[in-house]
1. Within segment 140-190, how many residues turn out to be among the charged types (D, E, K, R), part of a helix (DSSP H, G or I) and modelled with pLDDT under 95?
2. In segment 274-285, which residues are in contact with a helix residue (DSSP H, G or I) (Cβ under 8 Å, 6 or more places away or on another chain) and either crowded, with 22+ Cβ neighbours inside 10 Å or free of Cβ contacts under 8 Å to residues at least 24 places away in the same chain (or both)?
3. Of the residues ILE89, ILE163, ILE133, ILE81, only one is among the aliphatic types (A, V, I, L, M), farther than 25 Å from VAL234 by Cβ and surrounded by 18 or more Cβ atoms within 10 Å (Cβ to Cβ); which?
4. So which of LEU319, LEU262, LEU233 ends up being under 30 Å from LEU165 (Cα atoms) and surrounded by 15 or more Cβ atoms within 10 Å (Cβ to Cβ)?
5. Counting only residues that are over 14 Å from ASP164 (Cα atoms), in contact (Cβ under 8 Å) with a residue 12 or more places away in the chain and in a loop (DSSP other than H, G, I, E, B), how many does segment 292-313 have?
6. When segment 272-322 is examined, which residues are found to be among the charged types (D, E, K, R) and more than 23 Å from the chain's Cα centre (by Cα)?
7. Mind telling me which of the residues LEU152, LEU106 ends up being in contact with a strand residue (DSSP E or B) (Cβ under 7 Å, 6 or more places away or on another chain) and under 30 Å from LEU316 (Cβ atoms)?
8. Within segment 43-60, track down each residue that is out of contact with any Phe, Trp or Tyr (no Cβ under 9 Å at 6 or more places or on another chain) and under 25 Å from LEU197 (Cα atoms).
Amino acid sequence: MTEIQTITISSNDNKKRLDVFIVEYFKNNYPRAKIAYLIDDGFFSVNQKPQKPSYKLKTNDVISFNKEILNETINPSCELIPWEFELDIIYEDDSLAVINKEKNILTHPTKYDREHTLVNALLYRYQNNLSDIQGLDRLGIVHRLDKNTSGLIVIAKNNSSHIDLAKQIKEKTAKRKYLALALGNFNEKEGIIDKPLVHYLKNNVKMNISDDNQGLKAITHYKVIEEYKGASLVELELKTGRTHQIRAHLASINHPVFGDSLYGAKSYMRNEFYNLKTQEQLLQSYYLSFVHPKTKKFMEFQLNEDKFSKDFIKVLNFLRSKNEH
């Protein structure tokens, strides 16, 4: 059963920053950067509304959080076991690495898997040469990809690189583009989905569109690249980086990502698609650009189709073949 915990702010903590208060509340057991990340992602709310880490608390404000999520997400790390796994390294130097993450691999350890994640594989390859700002469970992780989202992810090998890259992502100077096989055909071939998201305290997985416009700001630009019978290849660029943002946004306009059971894809599937079994969503991180934190050189990476997940290629080829008839 989900356990919601609340904290009522006393006059002693009036005007204190939200992230500072939470770090102190947990007796400095967790890095402030990690707490700030969780606040940004909506894991904490103030008076039932998401706030920024810099929010100044007021007397009698009520902070709410899901204790189950916190036990999973920010518990002090157990010792991680390095995992001997062959990474698909697109680029690396002393400051960072760009990796093509496989599908069906968690980015970082959770209660579901603490041994076979990208972080475990990074630990085996790079040992102690990884940033630790986000804590030991997220060594090197500047941004994350969902378990069944494959593709490009940048890894920081030291804290100064991590800080620089995270700033670029936050300020939107770093660009991240995805390709999705979305169900149905779009009336508008290009557009912006601007719908705030809520990470409901009662649900530690799914993101929902905020009915009262008080959720976390979330903006996704989409552009239809190819159209097929019953599906579309869509390029998506994140203007914000919320959990499940693309998946929730596409579902909200009745074009869920192919195979995405969490966001209702089954209801939109054509009968001929049911034999194309996939491991959840067909979502591919295929483009990444940023300024190198040390050399200040502009870096740009784009995956060719032969680097996409097998699931993605299988369904893409099927859809294209159907268009030929």
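1. Narrowing segment 140-190 to residues among the charged types (D, E, K, R): 144, 146-147, 157, 164, 167, 170-172, 175-177, 188-190.
Now narrow it down to the ones that are part of a helix (DSSP H, G or I): 164, 167, 170.
From the residues that got through so far, the ones that are modelled with pLDDT under 95 too are 167, 170.
Summing the residues that are among the charged types (D, E, K, R), part of a helix (DSSP H, G or I) and modelled with pLDDT under 95 in segment 140-190 gives 2.
2. Start the filter on segment 274-285 by keeping residues that are in contact with a helix residue (DSSP H, G or I) (Cβ under 8 Å, 6 or more places away or on another chain), which leaves 276, 278-284.
Within segment 274-285, GLN281, LEU282, LEU283, GLN284 qualify.
3. Numbers: ILE89 fails: surrounded by 18 or more Cβ atoms within 10 Å (Cβ to Cβ); ILE163 fails: surrounded by 18 or more Cβ atoms within 10 Å (Cβ to Cβ); ILE81 fails: surrounded by 18 or more Cβ atoms within 10 Å (Cβ to Cβ).
Criteria check complete, one pass: ILE133.
4. Values: LEU319 fails: under 30 Å from LEU165 (Cα atoms); LEU262 fails: under 30 Å from LEU165 (Cα atoms).
Only one candidate passes the filter, namely LEU233.
5. Going through segment 292-313 one residue at a time, the tally reaches 3.
6. At the first step, the residues of segment 272-322 found to be among the charged types (D, E, K, R) are 272, 277, 280, 294, 296-297, 300, 305-307, 310-311, 314, 320, 322.
Selection gives GLU272, LYS277, LYS294, LYS296, LYS297, ASP306, LYS314, ARG320, LYS322.
7. Working: LEU106 fails: in contact with a strand residue (DSSP E or B) (Cβ under 7 Å, 6 or more places away or on another chain).
Just one listed residue meets the conditions, LEU152.
8. Within segment 43-60, the subset out of contact with any Phe, Trp or Tyr (no Cβ under 9 Å at 6 or more places or on another chain) is 47-49, 52, 54-56, 58-60.
Correct list: ASN47, GLN48, LYS49, LYS52, SER54, TYR55, LYS56, LYS58.
The values are calculated or read from the model by the stated rules, or taken from the named source; none is laboratory data. The model shown is predicted, which means the values in this text are computed figures rather than measured ones. With ideal geometry, Cβ positions are generated from the backbone for all residues, glycine too; neighbour counts draw on all protein chains shown.
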